[in-house]
Amino acid sequence: MAAMRVEEMLAAAEEQEAEKRRSITVEKELELEFDLGNLLALDRNPPPAAGLRGAGPRREALLRALARDNTQLLVARLWELPAERAGGAGGPLVARLPEPAFRLPREKPPPRPRPPTRWEQFARLKGIRRRKRTSLVWDEQAKEWRRRWGYRRAGGDPARAWLAEVPENADPEEDQFARLRREKRERVARNELNRLRNLARAHRAGTAVPAAPLHPTGHQSREELGRVARVARVSTASLGRFQPRLPKEPAEPPSRSGGKKRRFEPLLGNLAAERSRQLDLLRDMGSKKPVLDITRAVNKQLRQEEAEAAAAKGKKQSQRGKRGRRQQRAGR
Amino acid sequence: MRPLTEAETRAVFEKLQRYIGENIQLLVDRPDGTYCFRLHRDRVYYLSEKLLKVAACVPRESLTALGTCFGKFTKTQKFRLSVTALDFLAPYAKYKVWVKPGSEQSFLYGNHVLKSGLGRITENTAQYQGVVVYSMADVPLGFGVAAKSTQECRKVDPMAIVVFHQADVGEYVRSEDALT
């Protein structure tokens, strides 16, 4: 009998071990293709066609089993990757994923090219091509190669130019240095103006310009700013759910119609649902109240002290009463 | 007429909680029928489902009032409780104040309750707690806010205010046309 029992126990234990091992081994006809960089597993095995026809619990069970098996294989592959502990000895075990091989398709359409600037249009018209310039120029005076512009440029430091020739047709009283400075300032300003004009043109031309959603400087309408702020808020990984609100932003998300029409519950809607909602609201409101009410605690303490004081006074009076009267009589 | 939004319901419940605490549940969830709150022209009404169904047939411009008016929302969306809610506050009140017969009339004319007119007050009343004011014969006269806690009431001088007046039944006569 004892031997039979032991045999039974051993058989049961072995059965359990086999069961455990079965749950982590998966048999597949065709091997899966893995792209561990994207955590992707491609299963090219044909699915059991008969089982998947029609909706139902059997189909669900089949699909779930299929998903479970494939996930098991993927996880087994992940465990084979080189792993390390993140954040020191006690941190979690982290696997180092290889580079992703599978190219995911674009989520949004590619950006449209910006319209050509005025110079680009003119150059195309005239057939002017861009010449590649050398970055270094031979400086005759310093007898070495110097850069074309910038620090230690060829041609000497313009700030230390001590001579400015008066051109032939210029006024002899005019300050040449001031003229040079003024002309440089004008050139810079004109350049900047043209750059902004190009940007504005690009902005105006494209309706959904991804390159410049907001007009570069000034001329930003209130609606545009609001729209861009809203888009920026939603452009986080959690779609703006945990973004802190700006100081004057409203707490509720603004409605889709832009705040023109308010929508309410129907007048004679589901009254039971309304009641349950109100009860939930009451519960929420009640739970937020602090369990310890400071004023009540203080009042309780005061009352206790008063009661003690009153009791002590009463005792003293009763004691003094008898003795006092005797003392008084004795004193007299 | 429409149901209250979430924010409006919260405002109303917070106000009611100051006077009746967690007994609001008894108003919301009643065993003898389904009662609800509806908003009509900035006033909050409390009525049964039966009455609501009948009132829904009345055109909006002709409808003056329905059920019991609990109060109104001011221009800046603050909720103000009115004396017509007293019938529902009095039986569920947590903190009560009884007023001596001599100063009943003073309270009913809209004055605050002084220490000299104070008959009884519930123990553990905190300062600025919502209270319901009764006469010595346990007739509800109105409601207000306690200016002093029960402890302080004992020590303060007789001319000090102990209950700020908020609403009293005398308003039924005084501001007859303002009540709906």
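The values are calculated or read from the model by the stated rules, or taken from the named source; none is laboratory data. A quick note: this is a predicted structure, and the numbers were derived from the prediction, not measured. Because the Cβ atoms are built from the backbone with ideal geometry, glycine has one as well, and the counts that use them run over all protein chains shown. The accessibility values were calculated without ligands, DNA or RNA, using every heavy atom of the protein model including side chains. Shrake-Rupley method; radii C 1.70, N 1.55, O 1.52, S 1.80 Å.
Laid out as a table, the results:
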quantity: Failed item, numbered, when residue B:5 is tested on (1) open to solvent by 10 Å² or more (accessible area, probe 1.4 Å); (2) more than 8 Å from every other protein chain (Cβ to nearest Cβ); (3) of a type in the set (Ser, Thr, Tyr); calculated: (2)
quantity: Of the criteria (1) basic (Lys, Arg); (2) open to solvent by 100 Å² or more (accessible area, probe 1.4 Å); (3) outside any helix (DSSP H, G or I), which one residue A:187 fails; calculated: (3)
quantity: Conditions (1) over 24 Å from residue B:73 (Cα atoms); (2) among the polar types (S, T, N, Q); (3) at pLDDT 95 or above: number failed by residue B:166; calculated: (1)
quantity: Residue under evaluation residue A:263, criteria (1) at pLDDT below 80; (2) within 30 Å of residue B:3 (Cα to Cα), criterion not met; calculated: (1)
quantity: Which numbered condition residue A:66 fails, given (1) open to solvent by 90 Å² or more (accessible area, probe 1.4 Å); (2) more than 34 Å from the chain's Cα centre (by Cα); calculated: (1)
quantity: Residue pairs meeting the criteria (Cβ under 9 Å; at least 6 apart or on separate chains; first within 21 Å of residue A:96 (Cα to Cα), in the stretch A:27-45; second of a type in the set (Asp, Glu) and surrounded by fewer than 13 Cβ atoms within 10 Å (Cβ to Cβ)); calculated: A:37/A:99; A:40/A:33; A:41/A:33; A:42/A:33
quantity: Residue that is open to solvent by less than 100 Å² (accessible area, probe 1.4 Å) and charged (D, E, K, R), where the choices are A:146, A:131, A:114, A:152; calculated: A:146
quantity: Per-region count, the stretch A:275-299, residues more than 8 Å from chain B (Cβ to nearest Cβ) and either modelled with pLDDT of 85 or more or over 19 Å from residue B:15 (Cβ atoms) (or both); calculated: 11
quantity: Filtered residue count, the stretch B:15-47, keeping only those that are touching a Phe, Trp or Tyr at 6+ places or on another chain (Cβ under 8 Å), within 23 Å of residue B:133 (Cβ to Cβ) and at the interface with chain A (Cβ under 7 Å from one of its Cβ atoms); calculated: 1
quantity: Within the stretch B:134-174, tally of residues that are in a strand (DSSP E or B) and open to solvent by less than 60 Å² (accessible area, probe 1.4 Å); calculated: 15
quantity: Qualifying positions in the stretch B:48-59 - more than 9 Å from chain A (Cβ to nearest Cβ), outside any helix (DSSP H, G or I) and open to solvent by less than 60 Å² (accessible area, probe 1.4 Å); calculated: B:48
quantity: Selection status of residue B:70, touching a residue at least 40 places away in the same chain (Cβ under 8 Å), surrounded by 15 or more Cβ atoms within 10 Å (Cβ to Cβ) and not in a helix (DSSP H, G or I); calculated: yes
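So that you can scan it fast, the table gives a plain yes or no per residue for (1) within 26 Å of residue B:28 (Cβ to Cβ); (2) in a strand (DSSP E or B); (3) touching a residue at least 60 places away in the same chain (Cβ under 8 Å):
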position	(1), (2), (3)
B:77	yes, no, yes
B:89	yes, no, yes
B:98	no, yes, no
B:105	no, no, no
B:119	no, yes, no
B:132	yes, yes, yes
B:176	no, no, no
